[in-house]
Amino acid sequence: MNQNLIYFSLLTLTLCTFLNLSLSLKLLRKIKQISESTKNLLPIPPGTEIPQITARTLLSKQEQDLLLPEYAIVLLFLSTKCPKCKEKLPEIEKIAMRAEQAGVRLWLVSNEPQWRVRRFLRNTTLASFAVFLKEENYREINSKLMSPYYLFIDHARLLQAEGMIGDDNWCAFLTQIEELDSVDSHES
């Protein structure tokens, strides 16, 4: 075998090993940085006043205040990459209009690209509820980046509850909306 070819192969392997090590260390630093930045962040405790949140809507692309004084607010955090979130869409779609009739405004809050959210909500009527926050604002109200996650905020902008969609508070909310719907249908 040609000695130059052997040296060239060794040099190439050495450079590849160095590049691999360098990229692995950069990735490790980035993971540690992300971990450190979220380690001490806790969910917002109930009773905390939530500052006004302004977001861009999916359909009109205009800025919208999310905390409206005439409504109690439900902020839903869904990820387009989350299979459980996708499974929850029919349930959310079913209650979205009923909730508004009951004085509760529901928002689907995202920080993902609009095209991805549009595709995620395809075949639903939920696009009018989708809003987008800047990354730093998103992390302020969903510090652990959880999904499917919710915040219940009352008329006075106080956080009443937070948790994962499907927990006891969420199920109680669904029951209340369904009860209001059945009362309305009996009165008609």
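The values are calculated or read from the model by the stated rules, or taken from the named source; none is laboratory data. Computed from a predicted structure; not experimentally measured. Every residue, glycine as well, gets a Cβ built from its backbone with ideal geometry; the counts of neighbours run over all protein chains shown. All accessible areas refer to the heavy atoms of the entire protein, side chains included, with ligands and DNA or RNA removed. Shrake-Rupley method; radii C 1.70, N 1.55, O 1.52, S 1.80 Å.
State whether the residues of segment 88-99 include one that is in contact (Cβ under 8 Å) with a residue 24 or more places away in the chain and part of a loop (DSSP other than H, G, I, E, B). No, segment 88-99 has no match at all.
If I filter segment 148-187 down to residues being among the hydroxyl-bearing types (Ser, Thr, Tyr) and outside any strand (DSSP E or B), which single residue comes out as modelled with the highest pLDDT? Give the steps one after another, and end with the answer.
So the first thing to find is which residues in segment 148-187 are among the hydroxyl-bearing types (Ser, Thr, Tyr), and the list is 149-150, 175, 182, 185.
Now narrow it down to the ones that are outside any strand (DSSP E or B): 175, 182, 185.
Numbers: Thr175: 90, Ser182: 63, Ser185: 53.
Among those that are among the hydroxyl-bearing types (Ser, Thr, Tyr) and outside any strand (DSSP E or B), it is Thr175.
Remark: Thr124 matches the filter, which requires a residue to be out of contact with any Lys or Arg (no Cβ under 6 Å at 6 or more places or on another chain), open to solvent by less than 40 Å² (accessible area, probe 1.4 Å) and in contact (Cβ under 8 Å) with a residue 24 or more places away in the chain. Here Ala156 clears all of (1) surrounded by 13 or more Cβ atoms within 10 Å (Cβ to Cβ); (2) among the hydrophobic types (A, V, I, L, M, F, W, C); (3) in contact (Cβ under 8 Å) with a residue 40 or more places away in the chain except the condition numbered (1).
Would it be correct to say that Ala102 is more than 16 Å from Gly166 (Cα to Cα) and in contact with a Ser or Thr (Cβ under 9 Å, 6 or more places away or on another chain)? Explain how you work it out, then say what you get.
On the way: more than 16 Å from Gly166 (Cα to Cα): yes; in contact with a Ser or Thr (Cβ under 9 Å, 6 or more places away or on another chain): no.
Answer is no for this residue.
Just for segment 61-113: of the residues that are open to solvent by 20 Å² or more (accessible area, probe 1.4 Å) and of a type in the set (Ser, Thr, Tyr), which one is farthest from Ala127 (Cα to Cα)? Residue satisfying both the conditions and the ranking: Tyr71.
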